[in-house]
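Reading through the structure tokens given below for one structure.
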Amino acid sequence: MGGCSATNACFALRGAPQDYDGWAALGNPGWSFTDVLDDFRRLESDEDFRDQWHGLDGLIPIRRHPRSEINRAQAAFLDGTLIEADRVVLAAGTYASPMILARSGIGPAAELQALDIAPVVHLPGVGSNLVDHPLISIDLPTRSFPGPSRFQAHVSFHSAAADLAGPADLLLSAAGPFDVRPDQGASGAVFGIVAALMAPRSSGWVRLASSKPSDAPRIHLAHLADADDLERMLHAVTEARRLALSEPVAAITAGTELSPGPAVPTDNRGALAAWVRTAVSTYHHPVGTCAMGADPSLGAVTDSRGSDMGSTVSRSPMPPSCRSSRPRPRTSRRSWWQSTSRGGSETHDPPIAAQIRFLAEALLKRSMKVVDMWAPA
């Protein structure tokens, strides 16, 4: 369960408290940091701290590695089993969940009709509000290094436009070294200082290309479409290049910067912006395509309990943007959604409950479409 944060980097990041408080302020009760803290604590078995902020007997071991240790290899996978039930849980992820809904007739009615799909429930937010962390790498030549990554640190910091009293919006980390062919790097290896924007304002969409499950969806990430996002990414890249010239990094660099390279000087803002626009990539942290909220007319697809067609339990309902990788926020909420679906303490009736109940009834009659259809991301 989870992506590279669960099986590769193995960082246990909760995200900033202000992120969750912001979600609650959008009309999603039960999502403030005070509300979710106990969910995190129940998941954790913290080896370093024993206080009200950290869990002691959960299933996820948490520790802070000293510099003397290298990365430990960890892998954790959870396979789902298909069973027949009165309640449908859709957990196909940010890209596939809205596509399963759309092919089942739940989504923007005009878009569905254009693909000869009969609308069952008009929910204009299905597939919209796609937000992902954009990243870009400053690539540097180095010598081949046996064993796991030599880098076990990252730094978060504020852009010039960010509120210094709030959480940081930029992140720098190092990746590699990676062995490369001679034509890719004469030194035999490359590493990157990766700059990422953790609170993007740009949003895109995912849409059906056709009604066929075998056809991949159309995905528009809209990275750096907002002018403010571009400015903040330029700030991050500038800091990454400054770090690359520092003595500790220069000591392991074996030549001239590979990308963007000397032809794109930092003080040439126009050239640097042009390179950033073409080189930007994804952190693979997409959220938002089945967004939580109280009003479907404003883009809400699920209520605060993750219910639309019965249940949607993936990161697709998460509002933008949690300033960390997604697995731990997603896993903590799965625990909470599971408890509420089994008759837990949450008893409030969400404003869109009537529509949710109708939607669930409609889809239960079309259950084969729900459980069998899949669109590759």
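Please give me the summed charge of the neighbours of Glu231: other residues whose Cβ is under 15 Å from its Cβ, Lys and Arg +1, Asp and Glu -1.
Working: positive: Arg201, Arg232, Arg269, Arg277; negative: Asp169, Asp226, Asp228, Asp229, Glu239.
Its environment carries a net charge of -1.
For a quick check: sort Ile138, Ile60 by the number of other beta carbons within 10 angstrom, fewest at the front. Walk me through the intermediate numbers first.
Values: Ile138 24, Ile60 18.
So the residues, fewest neighbours to most, are Ile60, Ile138.
For the pair Ser281 and Ser259, how long in nm is the line joining their label points, each one 7 Å along Cα→Cβ?
Here the modelled spin labels are 0.6 nm apart.
Using a simple spin-label model with points 7 Å from Cα along the Cα→Cβ vector, what separation in nm is obtained for Ser210 and Arg50?
6.2 nm
Would you mind classifying the range 232-308 by shape? Square roots of the alpha carbon gyration tensor eigenvalues, ordered a ≥ b ≥ c; an a/c under 1.5 is rounded, otherwise it is prolate if a/b is larger than b/c and oblate if not. Please list the in-between numbers first.
Working: a/c = 4.03, a/b = 2.67, b/c = 1.51.
Prolate, since a/c reaches 1.5 and a/b exceeds b/c.
Using the Karplus equation 6.51 cos²θ - 1.76 cosθ + 1.60 (θ = phi - 60°), what ³J(HN,Hα) coupling, rounded to whole Hz, does each residue of the range 205-216 give in order, writing x for Gly and Pro?
7, 10, 9, 5, 8, 7, 7, 7, x, 6, 8, 5
Applying 1/(1 + (r/R0)^6) with R0 = 22 Å to the Cβ-Cβ distance of Asp38 and Phe11, what FRET efficiency is obtained, to the nearest 0.05? Don't skip to the answer; put the middle values down first.
Values: r = 22 Å, r/R0 = 0.98.
With R0 = 22 Å, the Cβ-Cβ based efficiency is 0.55.
Read-outs: derived from the displayed coordinates by stated rules, not from any lab. These numbers come from a predicted model, not from an experiment. Please note: Cβ atoms are built from the backbone with ideal geometry, for glycine as well, and neighbour counts cover all protein chains shown.
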